[in-house]
1. Quick one: would you say ALA76 is within 16 Å of the ligand (Cβ to nearest atom), under 17 Å from the mean Cα position of the chain (by Cα), aliphatic (A, V, I, L, M) and modelled with pLDDT of 95 or more?
2. Checking SER133 against (1) small (Gly, Ala, Ser); (2) touching a residue at least 12 places away in the same chain (Cβ under 8 Å); (3) on the phi < 0 side of the Ramachandran plot: exactly one of these is not met. Which one?
3. Look at GLU13 and say whether it is assigned to a helix (DSSP H, G or I) and either among the charged types (D, E, K, R) or touching a strand residue (DSSP E or B) at 6+ places or on another chain (Cβ under 6 Å) (or both).
4. So which residues in segment 32-47 are of a type outside the set (A, V, I, L, M) and in contact (Cβ under 8 Å) with a residue 12 or more places away in the chain, if there are any at all?
5. Outside any helix (DSSP H, G or I), within 16 Å of the ligand (Cβ to nearest atom) and hydrophobic (A, V, I, L, M, F, W, C): is that true of VAL33 in this structure?
6. Does ASP69 meet the test of being more than 16 Å from the ligand (Cβ to nearest atom), surrounded by 17 or more Cβ atoms within 10 Å (Cβ to Cβ) and either without any contact (Cβ under 8 Å) to a residue 40 or more places away in the chain or part of a loop (DSSP other than H, G, I, E, B) (or both)?
7. Please work out which one of (1) at negative phi; (2) surrounded by fewer than 16 Cβ atoms within 10 Å (Cβ to Cβ) is the condition LEU320 fails and give its number.
8. If I ask for residues that are within 14 Å of the ligand (Cβ to nearest atom) and charged (D, E, K, R), which ones from segment 201-214 would you list?
Amino acid sequence: MSVRFEHIFIDREVSDLRIPNNVRDYFPKQTLVEVDGFEAIKKFIDRRDSKSIINSGKKLLYLNNYKGDVIKYCPAKSPGEYLCCDLHTINLMSNCVFNCAYCILQACLTNPVMQVHCNLDHIFAELDKFDNSVNQPIRICTGEVADSLALDNLLNQNKYLVKYFAECRHLYLELKTKSAAIENLLDVDPKGRTVVSFSLNPKAIVSKIELHTSALTERLSAARRLISAGYHVAFNIDPVLYYDGWKRDYIELFDTLKEQFKPGEIAWMHLGLLRYIPGLAGIARQRFPGIKIFDQEFVQGPDRKYRYPKPIRDEIYAFLYENLQDWDANMPRYSCVEKASHWKKFHPHIPENTAQVNKQVLQRLD
Ligand code: SF4
């Protein structure tokens, strides 16, 4: 997908930094408008309804400074009985130019504009402090409220991150993506400290539900090129959808992975089933008329998220883990925000806490 924005705004505070300069080079014919803060941009958002707000926000790019806490826990972390994977995040961007019908950002972003935060030196200084304060390996992901690589052709931002993390003591970078925009990464040596995790789904879902993302074949060929360039690669089959013919499609996906990747080549597999927060289904139905993925029975958990009923979840997980076992029996694996009872049922080792989940996930990176 070639990326275009109706308007690009640059906060005067970041005008001279390297990422805005990369954007100027990428769009030499487009006027980049300098602004003092977000106020001047608000009038470009079409506020008629949720659909208009989201769609108009994705056409506006705003380059600015990140001003909040730099390092956070993954927003998917849920309280109580759920066992999380101890992922940490830094928000270098907020929002996404892709259009996945199930995307949680549709229901949770307060600012609909595509924002890119350019003060990398401040972010690296905060990461330095964090790296010096911990004594175990930590994954830091940039793809929780954005796609890590979707804009990399124009921002050329990730190579700075890869170089920074290559020198860290305890921190590993995870770039989570549905994009094949990897060209800028190929001539940087990650020194074993960057994992590019591709989110995967059967090709029928990619084309109908994950609009404007890279095709499955493009993601897998990008994964192969990154392995050759010295990167770790992981896969997220998430969210798995339950529909007529789901087994046939996911078997085909596993067969493709088995054909293209040998046991031991993939750092970890993350498996997750469709889950969503209240409000999301209504917005998605407005934006994607005829969408059916929210039309079946769901149950609401203590974290307020809707999930498939337990017998269906167990059926899907049993099927997925059987296929994974068949491909690479020793593949580190985890499922996002599931209870301890899930781990007992489907995993060879039951972690006692989130730190142990993280340790299991990272075992192939030592
Ligand atoms: S790639 Fe991720 S962030 Fe982007 S629309 Fe899809 S689910 Fe949302």
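The values are calculated or read from the model by the stated rules, or taken from the named source; none is laboratory data. Nothing here was measured: the structure is a model prediction, and the numbers come from that model. Using ideal geometry, Cβ is built from the backbone for each residue, glycine included, and neighbour counts are taken over all protein chains shown.
1. Working: within 16 Å of the ligand (Cβ to nearest atom): yes; under 17 Å from the mean Cα position of the chain (by Cα): yes; aliphatic (A, V, I, L, M): yes; modelled with pLDDT of 95 or more: no.
It is false that ALA76 is within 16 Å of the ligand (Cβ to nearest atom), under 17 Å from the mean Cα position of the chain (by Cα), aliphatic (A, V, I, L, M) and modelled with pLDDT of 95 or more.
2. Only one criterion is unmet by SER133, namely (2).
3. Details: assigned to a helix (DSSP H, G or I): yes; either among the charged types (D, E, K, R) or touching a strand residue (DSSP E or B) at 6+ places or on another chain (Cβ under 6 Å) (or both): yes.
Considered against the rule, which asks whether it is assigned to a helix (DSSP H, G or I) and either among the charged types (D, E, K, R) or touching a strand residue (DSSP E or B) at 6+ places or on another chain (Cβ under 6 Å) (or both), GLU13 comes out as yes.
4. As a first pass, look at segment 32-47 and keep what is of a type outside the set (A, V, I, L, M): 34, 36-39, 42-44, 46-47.
Listed by number, the residues that qualify are GLU34, ASP36, GLY37, PHE38, PHE44.
5. Values: outside any helix (DSSP H, G or I): yes; within 16 Å of the ligand (Cβ to nearest atom): no; hydrophobic (A, V, I, L, M, F, W, C): yes.
Spelling it out, it is not the case that VAL33 is outside any helix (DSSP H, G or I), within 16 Å of the ligand (Cβ to nearest atom) and hydrophobic (A, V, I, L, M, F, W, C).
6. On the way: more than 16 Å from the ligand (Cβ to nearest atom): yes; surrounded by 17 or more Cβ atoms within 10 Å (Cβ to Cβ): no; either without any contact (Cβ under 8 Å) to a residue 40 or more places away in the chain or part of a loop (DSSP other than H, G, I, E, B) (or both): yes.
Against the criterion (more than 16 Å from the ligand (Cβ to nearest atom), surrounded by 17 or more Cβ atoms within 10 Å (Cβ to Cβ) and either without any contact (Cβ under 8 Å) to a residue 40 or more places away in the chain or part of a loop (DSSP other than H, G, I, E, B) (or both)), ASP69 does not qualify.
7. For LEU320, the exception is condition (2).
8. LYS208, GLU210
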